[in-house]
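Values in this text are rule-based calculations from the coordinates and carry no lab data. Just so it is clear, the model here is predicted, and its values are computed rather than measured. Cβ coordinates were reconstructed from backbone atoms using ideal geometry, including for glycine residues, and neighbour counts include every protein chain displayed.
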Amino acid sequence: MDQRPLGVLRKLNLRMTFSPMSIINNTNFSETLKFWPRHNEAIYRRLESKHSWVENGGDGAAGDPLENEMILNIGPQHPATHGVLRAVVKLDGETIQGCVLDIGYLHRGVEKIAENKTYQEFMPYTDRMDYLSPYSNNVAWCLAVEKLAGIEVPDRAQWIRMMMSEIARISSHLIWMGVGLMDAGAVSMFLWTFQAREDIYEIFDEVAGARLTVSHSRIGGVATDLNAAGINLITKFAADFPAVLAGWEKLLNRNRIWIDRNVGIGHLSAEDVVRMGMTGPNLRGSGVEHDIRRFEPYLKYNDVDFIIPIRTEGDALARYFVRLDEMKESIKIINQCLDKLKTLQGPVRANDAKKSSSSKNEVFYSMEGLIHDFMYTDTGVAPPKGAASYHAIEAPKGELGFYLQSDGTGNPWRARMNSPSFTNLQALETMMEGGVMGDMVILIGTIDPVLGEADK
Amino acid sequence: MDLAWYWTALIAFAITNFLLISASVLVYAERKVSGYMQNRPGPNRVGPFGFLQPFADVVKLVFKENIVPTLANPFVHSLAPMMMVVIAMTAGALIPFARGVVVADMDVSILVLLALTSISVYGVTLAGWSSNSKYSLLGGLRSSAQMISYELSMGLAVLSVVLIASSLNMVTIVEDQAGGYGLFAWNVFRNPIGCILFIVTAFAETNRAPFDLPEAEQELVGGYHTEYSGMKFGMFFLAEYVNFFVASFVIVTLFFGGYLLPFESVIIAQFPALADSYLLMALQIGTVVIKAGFFAYVFIWVRWTLPRFKYTQLMTLGWKYLLPIALVNVLLVALGLAILH
């Protein structure tokens with residue numbers, strides 16, 4: 001046996017090797033299992049090098065002869081890290097000299113799970129990635145699959161999807177706002193935004209049947225059409241929310257403490273954000289005009305009138321204003337969708353039993369419908385062999401894209417996810433350096449990461 | 001005024017208990033007020049209207065395990081919370097609650113008060129240091145820097161009051177505000193800048209939001225009391241509430257006429273029998289408690305509205321704005337007194 005640190009696996013090995021009950025010929029698994037210890041060792045080495053990087057200033061030389069500096073481990077259990085983000089920072093007094101991020105504490109291997117599920121079966125898993133705006137993820141997945149399999153989605157379903165995605169955008173930005181302010185010390189804001197989010201939960205409850213993990217989108221359409229109660233709730237929300245938002249703006253936009261804590265913090269130039277691959281409001285806060293809704297329109301974004309809020313300052317305050325304005329634009333889109341849906345009638349799911357699940361009416365009362373339902377549940381959509389596609393949407397946090405490869409069966413051969421939180425977190429190390437401890441909470445808030453999505 | 005020793009002891013006992021009870025009431029008030037501000041009911045399960053909630057909390061804290069980190073200094077770790085409570089309670093001895101109702105009526109009581117607030121920084125700093133935790137240490141350091149920065153402005157604000165009253169005795173300062181019609185002689189009208197300065201620095205000295213950087217829940221996970229549990233944490237909690245209640249009393253004493261009834265001279269002229277009666281004493285106690293209660297409410301109100309300062313902002317505010325303003329204010333008050341007298 002070689003000198004591997006993981007005794008547990010070695011013991012496991014031995015037990016399996018000498019098991020008298022084994023019916024497998026090759027009972028020596030040491031070669032097979034070698035990957036895991038090696039893999040773990042690599043992770044430990046990387047983490048250790050991160051610490052030594054932070055401790056000796058990166059170049060191997062022992063810095064800090066006066067011992068002013070302190071290494072502080074923030075997270076993964078820390079109130080300001082929005083989940084399980086871990087940051088190791090080097091502090092000189094209050095000033096952050098260096099920062100190393102560590103993610104992966106919420107890794108669930110969703111990309112691998114997708115390979116063992118049918119396309120429709122995987123859709124509920126997307127709820128659990130960016131759990132603050134599940135509807136956008138559902139839509140992103142379904143659009144990617146529809147592009148791969150060439151499925152036409154009825155217009156009404158597309159308008160419903162668009163409207164609900166915008167509601168999800170507002171709900172995500174509400175969390176960003178409430179949690180960001182709570183981290184800054186204004187706890188009341190958190191509860192006020194949650195009150196508005198409660199209205200959104202009610203909308204989802206009425207429309208999709210679930211408050212948080214909505215799973216409403218289906219391949220080829222949506223699960224159910226909007227009912228009158230749902231439309232009433234959405235209309236009421238769209239009418240009331242601007243006044244609520246205006247009240248918060250009145251409280252915050254002239255608040256000396258809040259503005260001063262944000263202005264000039266985490267400054268990123270337009271070149272920086274593009275180089276670091278940031279997306280979404282973080283990109284637009286630095287003056288880069290890019291929004292997939294406008295430049296590569298999906299759903300019906302071509303048919304609605306809205307503007308893309310852009311700020312050029314590139315600091316936390318600019319991103320704050322971008323997100324505030326985005327919420328107002330979302331309300332504008334929701335109102336247009338409501339108007340459109342009044343007149344636009346029709347099915348909400350593609351009428352093709354090979355590509356989208358049949359209506360319950362068909363399944364319950366016809367033989368073919370039952371067979372189709374059985375086949376669709378069992379195998380589902382089977383895109384052509386060798387097909388591959390990438391489709392991205394503008395999720396609340398940025399570009400959320402799925403890359404899919406098909407081998408002609410009902411399961412994706414490869415599914416890869418381009419999640420905005422993951423790419424946005426790349427900038428956090430740069431932003432933190434030179435800030436003070438108080439900036440840390442503001443910066444994590446302004447990136448607005450969701451670790452379920454970043455860790456996949 | 002000379003009081004018999006048993007009379008002093010009785011008042012001291014009453015005030016200590018009053019402060020202890022008021023801390024519970026304030027905890028309840030804080031949770032209830034914050035509840036209403038956040039559109040939720042607040043505590044409403046323990047006792048009528050949830051009024052027994054703070055007592056249930058205390059019982060919980062008493063029965064919780066006392067954890068001392070392995071690498072902590074156990075003696076200092078235990079000393080720090082006691083220090084906080086003792087200092088917070090001692091300050092109560094200096095406050096005149098009614099004419100003649102004061103435990104320690106000394107010539108330099110305002111100086112003693114400033115000294116006590118200066119010592120209380122040791123409680124926080126030692127707690128942060130002795131826990132041997134990095135978060136606690138940062139909290140302790142923040143606290144010492146903050147208190148030193150704001151003590152200067154606070155001292156200067158107090159100095160302007162002392163100049164007006166020509167006395168360091170808090171009772172004399174209160175009686176000095178009895179002139180005029182008993183309302184417009186309050187120092188808040190004679191010295192408004194000093195009043196605002198003192199209120200701001202009082203927030204900083206008591207570590208209340210938006211100056212609660214030493215605890216900074218979201219950055220330092222509780223700061224100096226991260227490593228405390230059970231009743232030791234409870235003592236920090238108690239000290240915080242007693243501190244800001246005492247600070248409210250000091251604000252009232254220095255700037256809002258202390259125990260004086262509004263228009264007291266007019267009322268006594270109307271009802272001469274009231275002078276030196278026990279009824280007047282009761283009325284005065286009621287007045288000072290109501291006034292202080294209002295400022296305690298302001299403390300709570302501000303805490304649940306404003307975000308927290310950043311460390312650099314705090315220092316900028318303290319040194320670049322408050323200190324020059326305080327200096328100019330002292331100069332103005334001195335000039336005004338020189339011209340008027």
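General observations
- Net charge over other residues, Cβ less than 14 angstrom from the Cβ of B:Ser136 (K, R count +1; D, E count -1): -1
- Placing pseudo-labels 7 Å out from each Cα toward the beta carbon at B:Ala56 and A:Asn73 gives an inter-label distance of 3.7 nm.
- Whole-Hz Karplus values for the stretch A:198-213 come out as 4, 4, 5, 4, 5, 4, 4, 4, 6, 7, 10, x, 9, 7, 10, 8 Hz, taken residue by residue from phi with 6.51 cos²θ - 1.76 cosθ + 1.60 and θ = phi - 60°; glycine and proline positions read x.
- Between B:Asn39, B:Asn132, B:Asn243, the Gaussian network model of chain B with springs among Cα atoms under 10 angstrom shows the greatest mean-square fluctuation at B:Asn39.
- In this structure, the residue pairs whose Cα-Cα separation is over 21 Å, taken from A:Lys117/A:Lys360; A:Lys397/A:Lys456; B:Lys60/B:Lys134; A:Lys236/B:Lys32; A:Lys236/A:Lys332, are A:Lys117/A:Lys360; B:Lys60/B:Lys134; A:Lys236/B:Lys32.
- Label point at B:Thr312 placed 7 Å out along Cα→Cβ; residues across the stretch A:419-437 whose backbone nitrogen lies under 14 Å: A:431-437
- The stretch A:382-456 and the stretch A:244-314 have Cα centres spaced 18 Å apart.
- Residues whose amide H falls under 5 Å from that of A:Val436, counting only those 5 or more places apart or on a different chain, are A:Ile96, with hydrogens built in the peptide plane.
- Relative frequency of Cα-Cα separations exceeding 28 Å in chain B, percent: 45 percent
- Distance between the 7 Å Cα→Cβ label points at A:Arg108 and A:Glu249: 3.6 nm.
- Peptide-level mean, for A:185-195, of C-beta atoms on other protein chains within 10 Å: 6
- When the Cα gyration tensor is reduced to axis lengths a ≥ b ≥ c, the ratio a/c is 1.5 or higher for the protein assembly as shown, and with a/b above b/c it is classed as prolate.
- Counting only other chain Cβ atoms within 10 Å of each residue's Cβ, the peptide A:433-440 averages 4.
- For peptides B:101-108, A:350-357, B:303-310, sequence by mean Cβ density within 10 Å, most packed first: B:303-310, A:350-357, B:101-108
- Sorting A:130-142, A:212-224, A:336-348 by average packing, meaning the other beta carbons within 10 Å per residue, from highest down gives A:130-142, A:212-224, A:336-348.
- With θ taken as phi - 60° and the Karplus curve 6.51 cos²θ - 1.76 cosθ + 1.60 applied, the whole-hertz 3J(HN,Hα) list for the stretch B:315-323 is 5, 4, 4, x, 8, 8, 10, 5, 5 Hz, x standing for glycine and proline.
- Shape category assigned to the stretch B:57-121 from the gyration tensor of Cα positions, a/c cut at 1.5: oblate
- Overall form of chain A: oblate. Here a/c, set by the Cα gyration tensor axes a ≥ b ≥ c, is 1.5 or more, and a/b is not larger than b/c.
- Cβ crowding within 10 Å averaged over residues, with A:393-399, A:172-178, A:192-198 ranked highest first: A:393-399, A:172-178, A:192-198
- Charging the Cβ of each Asp and Glu at -1 and of each Lys and Arg at +1, and nothing else, the dipole of the protein assembly as shown about its Cα centre rounds to 1140 debye.
- Database remark: amide H of A:Trp413 closer than 5 angstrom to the amide H of A:Gln405, A:Ser406, A:Asp407 (H placed geometrically; neighbours at sequence offset of 5 or more, or on other chains; Pro and chain starts carry no H).
- In this structure, the amide hydrogen of A:Arg218, modeled 1.01 Å from its nitrogen in the peptide plane, lies closer than 5 angstrom to those of A:Ala223, counting only residues at least 5 positions away or on a different chain.
- Averaged over peptide A:73-82, the number of partner chain Cβ atoms lying within 10 Å of each residue's Cβ comes to 3.
- In this simple spin-label approximation, B:Asn17 and B:Leu331 carry label points 7 Å from Cα along the Cα→Cβ vector, and these lie 5.2 nm apart.
- Potential lengthening between A:Glu198 and A:Ser366 on full extension [0.36 nm per residue; Cα-Cα distance subtracted]: 56.4 nm
- HN-Hα J in Hz across the stretch B:77-87 - Karplus 6.51, -1.76, 1.60, θ = phi - 60°, x for Gly and Pro: 4, 7, 5, 4, x, 5, 4, 4, 5, 4, 5
- Helix B:134-165 axis versus longest C-alpha principal axis of chain B: approximately 0°, rounded to the nearest ten.
- Chain B: angle of helix B:53-63 to the longest principal axis, Cα-based, in degrees nearest 10: 50 degrees
- Seen from B:Pro214, the other residues with C-beta closer than 13 Å to its C-beta sum to a net charge of -4, counting Lys and Arg as +1 and Asp and Glu as -1.
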